[in-house]
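The values are calculated or read from the model by the stated rules, or taken from the named source; none is laboratory data. Quick caveat, the model's predicted, so the values are computed rather than measured. Note that we place each Cβ from the backbone using ideal geometry, even for glycine, and neighbour counts take in every protein chain shown. Remember, those area values only see protein heavy atoms, side chains included, never the ligands or the DNA or RNA. Shrake-Rupley method; radii C 1.70, N 1.55, O 1.52, S 1.80 Å.
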Amino acid sequence: MESVESRRIVTDEEKLEAKNFNIFDLPDVPKGLPPHLELERTRVVCKVDAPTHTTETIYSGAYAFMGVDNSVNLENFSENFKVDVISLTETDMVFDMIGIPAGIANAFRRILLAELPSMAIEKVFVVNNTSIVQDEVLAHRLGLVPIAADPRLFEYLSENDQPNEMNTIVFKLHVKCPKGDSRRKVLTSELKWLPNGSELLKESAGGSTKQKTYTSFSRSQDSFPEFADNPITPSFQDILLAKLGPGQEIELEAHAVKGIGKTHAKWSPVATAWYRMLPEVILLKEFKGKHAEELVKVCPKKVFDIEDMGQGRKRATVARPRDCSLCRECLREGGEEVVPKKGGEEVVPKKGGEEVVPKKGGEEKAEVKSKGKREWVDQVALRRVRNHYIFTIESTGSQPPDVLFTEAVKVLEDKCERVISELS
Amino acid sequence: MEHGSITNNSHATFTLTEEDHTLANAVRFVLNQDPRVTVGAYTIPHPSHEKVNIRVQTTGDPASEVFKDACQELMQINRHVRSVFDKAVTAYKAEEERKAKEAEEELKRQRELFGSMDIESN
């Protein structure tokens with residue numbers, strides 16, 4: 001890792017060190033991995049046409065022949081694992097997860113998307129709908145409305161269950177656009193929560209004394225301590241459901257139940273959850289003067305800055321590597337074109353000012369020998385740090401994103417537990 | 001469900017129903033981290049069947065034990081992730097609260113300063 005870090009900019013000191021290098025000064029038994037293997041192990045290197053070493057080496061004995069242990073056991077995992085919260089709001093969260101294997105990070109992401117429960121409208125009883133939006137389209141739109149109710153307080157409604165206060169949330173929508181008025185919108189704010197359950201009467205054949213409704217609540221959901229002061233509403237009050245012309249009317253009842261994203265995406269508690277690896281941008285040579293200015297200009301994400309070294313000398317620095325989107329514009333457009341000459345030597349046409357000597361050899365040398373290769377291909381290294389994930393969770397508003405992540409981890413724990421109990 | 005051989009219990013395939021890449025890939029990772037494992041891999045035989053086969057071959061230990069250990073390990077990793085995450089979130093929230101409080105106090109202080117200046121001008 002350190003050898004990688006120190007390659008940022010070749011300083012005069014390092015040049016001197018390289019000059020005085022003596023092979024006999026090296027330790028008798030090499031310790032750790034050689035730099036090129038260490039780079040492959042810890043970084044994805046993004047070359048001008050494609051990234052290399054994209055797969056993680058997970059086999060614990062992969063480097064055993066060099067005396068290096070590649071295993072992750074609980075002790076060294078606990079030691080290295082870190083979480084940094086970058087931002088956290090009601091609906092969005094960005095955090096760094098450092099030292100987690102890709103498979104486990106991906107499991108969290110997959111669980112967040114498909115296996116965490118939330119409440120969504122599943123049944124719509126349309127009493128009257130004279131709007132131009134058809135019943136089924138309206139029902140579908142209602143289904144996608146996120147509902148701000150903690151799904152942990154509810155149970156799943158199975159096929160043979162009666163809808164009751166523990167598994168169903170009932171909303172009523174009754175809107176009308178009187179004749180003579182102008183057209184109006186129907187927003188989610190008009191969905192009214194019915195804590196006592198359905199108000200629609202079931203048509204019974206026998207005309208019994210007590211009319212049944214579509215739900216059988218034994219007590220009002222108002223009496224739940226969680227909902228006593230804050231009634232259940234859609235997460236957002238300004239989602240457009242339909243538009244009504246003069247004389248049109250919608251009257252319906254919507255029943256929300258608990259479900260998971262695997263069954264239907266409307267139950268996914270996240271708008272999206274994704275991660276990216278931490279970008280690492282390294283200048284393998286010093287970019288001075290107009291080259292520095294060119295580097296700053298060529299980057300659309302403004303990753304680079306210019307550092308004033310005094311006496312009017314300027315040097316480029318990597319100021320915001322996190323913003324690097326890996327567009328590789330600096331590799332594609334930066335510097336002069338390299339003209340291949342006979343004998344394998346590469347010559348950079350001189351163009352006033354400083355002369356640029358292309359770096360020869362070294363691990364960063366790109367294999368691209370085609371026409372139009374730019375000199376910076378070998379001078380700017382774009383990498384991604386493995387096992388350092390920038391995780392983003394966008395919640396739909398049913399639960400805060402930090403709660404969602406904790407729940408996702410719990411789901412994976414439960415899966416393991418299930419397997420263990422089935423095996424024993 | 002375990003498919004193994006009677007004579008050699010160090011090789012086995014485990015069939016898990018109602019599971020997919022989510023668990024299988026994570027377990028595969030943990031399996032490969034175990035030095036006792038020679039082969040740890042998984043396959044989903046058909047995408048429309050909710051089923052995954054996990055193959056475990058070991059250097060001699062019973063495959064089911066090694067597989068169980070891997071699940072145990074994964075569970076402990078998860079527990080650790082959860083505790084670290086919770087701590088980080090609590091710390092972040094506390095820090096945000098402190099910052100908000102500080103900003104409020106600063107505002108109050110400036111208002112007071114402004115007020116006193118006003119009095120002086122009057």
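Worth a mention:
- Yes/no for A:K262 being among the charged types (D, E, K, R), in a loop (DSSP other than H, G, I, E, B), surrounded by 12 or more Cβ atoms within 10 Å (Cβ to Cβ) and within 29 Å of the chain's Cα centre (by Cα): yes
- Residue within region A:60-80 that is assigned to a strand (DSSP E or B) and modelled with pLDDT of 85 or more present: no
Residue by residue, here is whether (1) closer than 16 Å to A:A256 by Cα; (2) modelled with pLDDT under 95 holds:
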{"site": "A:V145", "(1), (2)": "yes, no"}
{"site": "A:A148", "(1), (2)": "yes, yes"}
{"site": "A:S182", "(1), (2)": "no, yes"}
{"site": "A:E199", "(1), (2)": "yes, yes"}
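- Of A:K302, A:K290, A:K297, all but one fail to be open to solvent by 80 Å² or more (accessible area, probe 1.4 Å) and not in a helix (DSSP H, G or I); the exception is A:K302.
Residue by residue, here is whether (1) surrounded by fewer than 13 Cβ atoms within 10 Å (Cβ to Cβ); (2) of a type in the set (S, T, Y) holds:
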residue: A:E199; (1), (2): yes, no
residue: A:T213; (1), (2): no, yes
residue: A:S216; (1), (2): no, yes
residue: A:D229; (1), (2): yes, no
residue: A:P234; (1), (2): no, no
residue: A:Q237; (1), (2): yes, no
residue: A:L244; (1), (2): no, no
residue: A:H255; (1), (2): no, no
residue: A:W267; (1), (2): no, no
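- Given (1) within 13 Å of chain A (Cβ to nearest Cβ); (2) part of a loop (DSSP other than H, G, I, E, B), index of the condition B:E96 fails: (2)
- Any hit, region B:2-16, residues being open to solvent by less than 10 Å² (accessible area, probe 1.4 Å), under 16 Å from A:S421 (Cα atoms) and in a helix (DSSP H, G or I): no
- Condition check for B:K68: open to solvent by 50 Å² or more (accessible area, probe 1.4 Å) and farther than 25 Å from A:I98 by Cβ: no
- Residue match in region B:52-65 (condition: open to solvent by 40 Å² or more (accessible area, probe 1.4 Å), within 19 Å of B:D20 (Cα to Cα) and more than 9 Å from chain A (Cβ to nearest Cβ)): yes
- Some residue of region A:164-175 being at pLDDT below 95, open to solvent by 30 Å² or more (accessible area, probe 1.4 Å) and away from chain B (no Cβ under 14 Å): yes
- When we screen A:E90, A:E159, A:E165 for residues that are in a loop (DSSP other than H, G, I, E, B), charged (D, E, K, R) and within 28 Å of the chain's Cα centre (by Cα), the only hit is A:E90.
- Per-region count, region A:41-63, residues within 13 Å of another protein chain (Cβ to nearest Cβ) and open to solvent by 50 Å² or more (accessible area, probe 1.4 Å): 4
- Residue within region B:74-91 that is within 11 Å of another protein chain (Cβ to nearest Cβ) and either more than 19 Å from the chain's Cα centre (by Cα) or not in a helix (DSSP H, G or I) (or both) present: yes
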